[in-house]
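Chemist: Sending over a structure as structure tokens; questions will come in a sec.
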Amino acid sequence: MFDDLNQLAENKLIILYILDKIGMPIPKSQLIQIVLENNLVNYFLLQQYLSELHSSGFMETLNLNEKKALTITDKGKKVLSMFVSRIPEDLISKIEDYIKGKLDVIKKETYLHADYTIENNNIFIVSLKAQENDLTLIDIKVNVPSKKHAIDLCQNWKSNSSKIYNDIMKTLLQY
């Protein structure tokens, strides 16, 4: 039973450690992906731990880009700093290496928004948005004539947002 309690505490600390190391709110799906890709905790236990960490005030849910995102609270940081030594060094290294290699992708997925809706007469409205921290860099809504165009715009935005943003700014500043 003592081993189970130690494992429970270690798993919750791992989740807090990931949130702390990323250093920004992230969608729940991103956190789940990080945990599962690294085989840190199984899916069902992870869901339980997230609920318990949330209800105990160690993490909170914020609204980010019209999505919900998880972040560690000050209370969670305090607990983590007191007990981080309970996380094995090899797991810490594994988590840090993963985050270092994927942080740009995580940021892009967190701070970019691309979606479309259909209006009457089959007009598609594409919404593209980029944020950095709490600052909106660009927020564009464009009407396109087909679903294919809407999907293409969303995909292009997700894969080339920096270049598109820079091109728009360059064009606007030339006039």
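Chemist: List the residue pairs whose Cβ atoms are under 9 Å apart, where the first residue sits in segment 146-167 and is surrounded by 11 or more Cβ atoms within 10 Å (Cβ to Cβ) and of a type outside the set (Asp, Glu), the second is in a helix (DSSP H, G or I) and modelled with pLDDT of 90 or more, and the two are 6 or more positions apart or on different chains.
Modeler: Ile164/Asn156
Chemist: Could you check how many residues of segment 81-121 are touching a residue at least 12 places away in the same chain (Cβ under 8 Å) and in contact with a Ser or Thr (Cβ under 8 Å, 6 or more places away or on another chain)?
Modeler: Going through segment 81-121 one residue at a time, the tally reaches 6.
Chemist: Is segment 129-143 home to any residue that is touching an Asp or Glu at 6+ places or on another chain (Cβ under 6 Å) and at pLDDT below 90? Working first, answer last.
Modeler: Initial filter on segment 129-143 (touching an Asp or Glu at 6+ places or on another chain (Cβ under 6 Å)): 129.
Those still in the list that are at pLDDT below 90 too: 129.
Taking every residue of segment 129-143 in turn, at least one turns out to be touching an Asp or Glu at 6+ places or on another chain (Cβ under 6 Å) and at pLDDT below 90.
Chemist: Can you work out which of the residues in segment 96-128 that are among the aliphatic types (A, V, I, L, M), at pLDDT below 85 and more than 29 Å from Asn143 (Cβ to Cβ) is surrounded by the most Cβ atoms within 10 Å (Cβ to Cβ)?
Modeler: Applying the filter and picking the extreme gives Ile106.
Chemist: Could you give every pair whose Cβ atoms fall below 8 Å, whose first residue belongs to segment 6-27 and is assigned to a loop (DSSP other than H, G, I, E, B), and whose second residue is of a type in the set (Gly, Ala, Ser), counting only separations of at least 6 or pairs across chains?
Modeler: If the second residue must be of a type in the set (Gly, Ala, Ser), the pairs left are Pro25/Ala69.
Chemist: Just to be sure I understand, how many residues within segment 82-95 are farther than 12 Å from Leu40 by Cβ and either exposed (fewer than 11 other Cβ atoms within 10 Å of the Cβ) or modelled with pLDDT of 95 or more (or both)?
Modeler: So the answer is 4.
Chemist: Pull out all pairs, ordered by first then second residue, where Cβ-Cβ is under 6 Å, the residues are six or more apart or on different chains, the first lies in segment 37-65 and is within 14 Å of Asn11 (Cβ to Cβ), and the second is aromatic (Phe, Trp, Tyr).
Modeler: So the pair list comes out as Asn38/Tyr98.
Chemist: Out of all the residues in segment 36-71, which are part of a helix (DSSP H, G or I) and either among the charged types (D, E, K, R) or under 28 Å from Gln131 (Cβ atoms) (or both)?
Modeler: Taking segment 36-71 first, the residues part of a helix (DSSP H, G or I) are 36-37, 43-55.
Listed by number, the residues that qualify are Leu36, Glu37, Leu46, Gln47, Leu50, Ser51, Glu52, Leu53, His54.
Chemist: May I pose another question? With respect to the numbered conditions (1) surrounded by 13 or more Cβ atoms within 10 Å (Cβ to Cβ); (2) modelled with pLDDT of 90 or more, which one is the sole condition not fulfilled by Glu37?
Modeler: (1)
The values are calculated or read from the model by the stated rules, or taken from the named source; none is laboratory data. Remember, predicted model here, so these are calculated numbers, not experimental data. Reconstructed Cβ throughout: ideal geometry from the backbone, glycine too, with neighbour counts over all protein chains shown.
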